[in-house]
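Everything below concerns the one structure shown next.
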Number of protein chains: 2
Amino acid sequence: MIIVKGGVTAPKGFLASAIRAGIKKSGNPDLALLYCETPAVAAGIFTTNVFKASPVRLSITNLRNRTHRAIVVNSGNANCANGRQGDADALSMAGYIAKGMALGKKEVLVASTGIIGHRLPVRKIEMKVPELILSLTIKGSSDLAGAIMTTDTVKKEIAVKVKLGGKVVTIGGAAKGVGMIHPLMKKATKHATMIGFITTDVSISKKMLEAALSDAADESFNMISVDGDMSTNDSLFILANGLADNRSIRAKGKDYLVFLGALKFLCIAIAKMLAADGEGATKLVEINVIGAKTDRDARVIARKISTSNLLKCAIFGEDPNWGRVAASAGSAGVDFDPDKADIYMGPAKVLSGGSSMKTFDKEKVRKYIKGKKVFIKVDLGSGEGSGTAWTCDFSKEYVAINSEYST
Amino acid sequence: MIIVKGGVTAPKGFLASAIRAGIKKSGNPDLALLYCETPAVAAGIFTTNVFKASPVRLSITNLRNRTHRAIVVNSGNANCANGRQGDADALSMAGYIAKGMALGKKEVLVASTGIIGHRLPVRKIEMKVPELILSLTIKGSSDLAGAIMTTDTVKKEIAVKVKLGGKVVTIGGAAKGVGMIHPLMKKATKHATMIGFITTDVSISKKMLEAALSDAADESFNMISVDGDMSTNDSLFILANGLADNRSIRAKGKDYLVFLGALKFLCIAIAKMLAADGEGATKLVEINVIGAKTDRDARVIARKISTSNLLKCAIFGEDPNWGRVAASAGSAGVDFDPDKADIYMGPAKVLSGGSSMKTFDKEKVRKYIKGKKVFIKVDLGSGEGSGTAWTCDFSKEYVAINSEYST
């Protein structure tokens, strides 16, 4: 597997574009389109929030269709909590693309991110759709990655190539979301605002594509947290158009595993970009839990630690306060023997068998924690289960961003 | 029921004292003693954290004793993650009091709060115990309430009197804890650092006392959150010495309910004091959920909302961002019909039947949210279940306090 340029337009057959539709107050690009030249099978997972935005509800419905051709996405407005008007507006947004490109209405998926409870300006969108369609290009990934940004400070995109039975398969991805980030996305369920698009030219059945997306997300996007707040709009889409001409993946055999491996790599890479760019963040924090009874236990504990405001403030302050790791690990609702637990902060073991190390090199750890990446390992010493979560530190800037943001 | 002065030394038979033992770096009082002149029945609930501090483990064991006489507590050191040495040190701390006052070793309960992973300075404590015992007074509640403070800015104490079958029963309380506050305390289980003491001269069986403490805590201390972080040391004790001479409460009859009502009132009053004094807080936030299918559902949702960093930042910024209330309510893992949900911020209905109100008086809400107390109501419109949680806003000062704190 190799990393290549081109993001979501790296795989064969995909085009993208982005324009300024005047939805964002800033006047920055805020409307983007991802298009596949041939019918693609699609899968999507969505926020598990009870309050689901209208575009999420529409995409869940439209995903029942056999094939898809386009995804239209806006930033600056979540189109959430707008009742039937919101549902009608999401339908209109998809309809403009379907009409303009002569596609079936259900072949178009939609996503929105931005403020909750304000009506989506569909007239502005309608007027800009022709320009959006005319701007489609095979180099459009970067424009799309930029237009979906809200409080993000950098674009997030990546692509990889992997060989499958002699054929080269390409997978591309782009995503946004650095606040209200604690996704738990499942098939046809909930909400938070991260939005991600994955494209691939692999040939695969819709059922296997759905399975691969869920499996990959559970070890990547569903393991990141910026602030512990789940959005109403989290959406992750994958489109697969089969142009790589590989023997189509129809079951969980060897080809599926190779494809899943590449997809996981791509999803983890993007998920880490999101966590690293978390609102106000100065450091990326990786929490690896091993020695748990099951992988599920390990993931639950890793994710709990990733939401500890106290730990994240300590890391912002570059103080190796491992007591906050222990306290958080112990509060995840998962039982384990505390007297078997070890904790490592970067290069140093700081807790051994549930008891603090008196002799670790505090200066070494203090120096380590001044870096841009902080790695924390918790070994429960009770089994083979493992899991990894990613977060960022918690700064005064996070509070500034989210207290000075006005409805 | 009336509110009276005197805190934990208001009920008959209780004395308290506090001194400086040199455990806190600041040199402030850090060692306190609560003493009952006659044998009292006791109950305690503790953090449900897997990592439990040594004093928590010892108190759980000692609570198996039939009666108790004293509780000794230190601030500045949590005596947590210190292994067998920590357990031995907690035992020593209780032992000094037992020896100095000629009590049974198991008649003494212990609590600690402060930094994790540093050895408790038991020699300092041993040398100061005679002074601590000599300082006991029936006006000692305020000294005790001061000595247990860590990042607290005000003392928390209250007492109430209630009539039970013609006899006046007094209940007093004192507590600390404004950071690492998200307690979930149960009988003989977990940890976070809030520490609370309740005294009463009611005559009651140990079994009924345990039941009353759990019931009262579930609607008060177990419903507050400052930062979502559960401590390893949370402890809430109640001592009842029977000196009020009421007909002893042995079952859940009328007297039990009157006593429970007064106890709940006292616990809610103290819990709100803790939330209002949350690290860096400028406002107390009360979240009331009604119309849920069950009380449990309502409490889970209220508590989830109380941990929303985004909402708490918005309240710090005095911005009525109710979308963050909706997003958080929907992410609690409790199913409800979003199209039946209403949300109120103070005087204004902002969401009606899952759809944003276009007409509410934004200026009125903006003015309301500038006050020191913010009241949020969520009506799910689906049943009779209700619950209330308390939290505070989230300020840059919280980040400062917890990033500049050094291990």
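Taken residue by residue and averaged, Cβ atoms of other chains lying within 10 Å of the Cβ of B:350-356 number 5. Label positions at A:R250 and A:K372, each projected 7 Å from the Cα along the C-beta direction, are separated by 4.7 nm. When the Cα positions of B:I97, B:I116, B:S203 are compared along the charge dipole of the protein assembly as shown, B:S203 comes out farthest toward the positive end, with charges on each C-beta of Lys, Arg, Asp and Glu. Residue-normalised convex hull volume from the C-alpha trace of segment B:299-407: 106 Å³ per residue. Take each residue in B:310-316, count the other chain C-beta atoms within 10 Å of its C-beta, and the mean is 6. Label-to-label distances for A:S382 across copies, nearest first, come out at 3.3 nm, using points 7 Å from Cα in the beta-carbon direction.
Once the C-beta distance of A:L257 and B:D361 is scaled by a Förster radius of 60 Å, the resulting FRET efficiency is 0.55 to the nearest 0.05. Bridging of A:K161 to lysines at a Cα separation below 25 Å is possible for A:K5, A:K12, A:K139, A:K176, A:K206, A:K207, A:K252, A:K254, A:K264, A:K272, once same-chain residues fewer than 8 apart are set aside. Distances, shortest first, from the label point of B:T38 to those at the same position in the other copies read 9.1 nm; the point lies 7 Å along Cα to C-beta. Remark: mean inter-chain Cβ contacts per residue of B:75-83 equal 4, using a 10 Å Cβ-Cβ cutoff to other protein chain atoms.
Report summary: the helix-based calculation at 222 nm, which adds -39500 (n - 2.57) for every DSSP H run with n ≥ 4 and divides by the residues of the protein assembly as shown, gives -9500 deg cm²/dmol.
The peptide list B:149-155, B:219-225, B:93-99, A:170-176, put in order of mean Cβ contacts within 10 Å with the highest first, becomes A:170-176, B:219-225, B:93-99, B:149-155. Extension gain, A:T61 to A:K139: 0.36 nm times the residue separation minus the Cα-Cα distance gives 25.1 nm. Considering only Cα-Cα distances, which of the following residue pairs are longer than 32 Å: A:K370/B:K377; A:K373/B:K372; B:K163/B:K364; A:K358/B:K128? Distance filter (> 32 Å) returns A:K370/B:K377; A:K373/B:K372; B:K163/B:K364.
Separation of segment B:50-64 and segment A:67-114, taken as the distance between their Cα centroids, equals 57 angstrom. Counting charges near A:L284 (Lys, Arg +1; Asp, Glu -1) among other residues having Cβ under 12 Å from its Cβ returns a value of +2.
Centre-to-centre, using Cα atoms only, segment B:229-277 and segment A:292-359 are separated by 33 Å. The charge dipole of segment A:259-407, taken about its Cα centre with unit charges on the Cβ of Lys, Arg, Asp and Glu (plus for the first two, minus for the last two), comes to roughly 300 debye. In vacuum, with every alpha carbon of chain B counted as one equal point scatterer, what does the Debye formula give for log10 I(q)/I(0) at q = 0.12 Å⁻¹? Two decimals, please. The computed values of log10 I(q)/I(0) come out as -0.91.
Packing order of peptides A:108-114, B:252-258, B:327-333, A:207-213, highest average first: A:108-114, B:327-333, A:207-213, B:252-258 (average count of other Cβ atoms within 10 Å over each peptide's residues). A Förster distance of 41 Å, applied to the separation of the beta-carbon atoms of A:S92 and B:E384, puts the FRET efficiency at 0.55. Of the residues A:I3, B:V41, B:V178, the one whose Cα sits farthest towards the positive end of the charge dipole of the protein assembly as shown is B:V41 (charges of +1 on Lys and Arg Cβ, -1 on Asp and Glu Cβ, taken about the Cα centre). On the rotation that sends chain A to chain B, the chain A Cβ lying closest to the axis gives residue and distance in whole Å as A:K396, 2. Anisotropy class assigned to segment A:1-95 is oblate, per the alpha carbon gyration tensor with a/c at or over the 1.5 cut-off and a/b no larger than b/c. The packing ranking of peptides B:395-404, B:177-186, B:158-167, highest mean first, is B:177-186, B:395-404, B:158-167, where packing means the average number of other beta carbon atoms within 10 angstrom of each residue. Each Lys and Arg Cβ is given +1 and each Asp and Glu Cβ -1; about its Cα centre, chain B then shows a dipole of about 800 debye. Selection among B:T193, B:L257, B:V289 by position relative to the dipole of chain B gives B:L257 as farthest towards the positive end (Cβ unit charges, Cα centre). Summing charges over all other residues whose Cβ lies under 12 Å from the Cβ of A:I3, with Lys and Arg as +1 and Asp and Glu as -1, gives +1. Panel note: the C-alpha atoms of the protein assembly as shown, placed on their principal axes, show extents of 89, 59, 41 Å (largest first).
Rounded to the nearest 0.05, what FRET efficiency do B:N28 and A:E131 give with R0 = 45 Å and r taken as the Cβ-Cβ distance? Could you check? After rounding to 0.05, the efficiency reads 0.10. Using a simple spin-label model with pseudo-atoms 7 Å out from Cα toward Cβ, B:K167 and A:R84 lie 6.4 nm apart. A:A314 sits among other residues whose Cβ lies under 9 Å from its own Cβ, and their net charge, with Lys and Arg +1 and Asp and Glu -1, is -1.
The dipole here belongs to the protein assembly as shown: it is taken about the Cα centre, uses +1 on the Cβ of Lys and Arg and -1 on the Cβ of Asp and Glu, and is about 480 debye. Distances, shortest first, from the label point of B:S214 to those at the same position in the other copies read 3.7 nm; the point lies 7 Å along Cα to C-beta.
Where a number appears in this text, it was derived from the coordinates with a stated rule and is not lab data. Quick caveat: nothing in here was measured; it's all calculated off a predicted structure. Ideal geometry is used to build each Cβ from the backbone, glycine not excepted, and the neighbour counts take in all protein chains shown.
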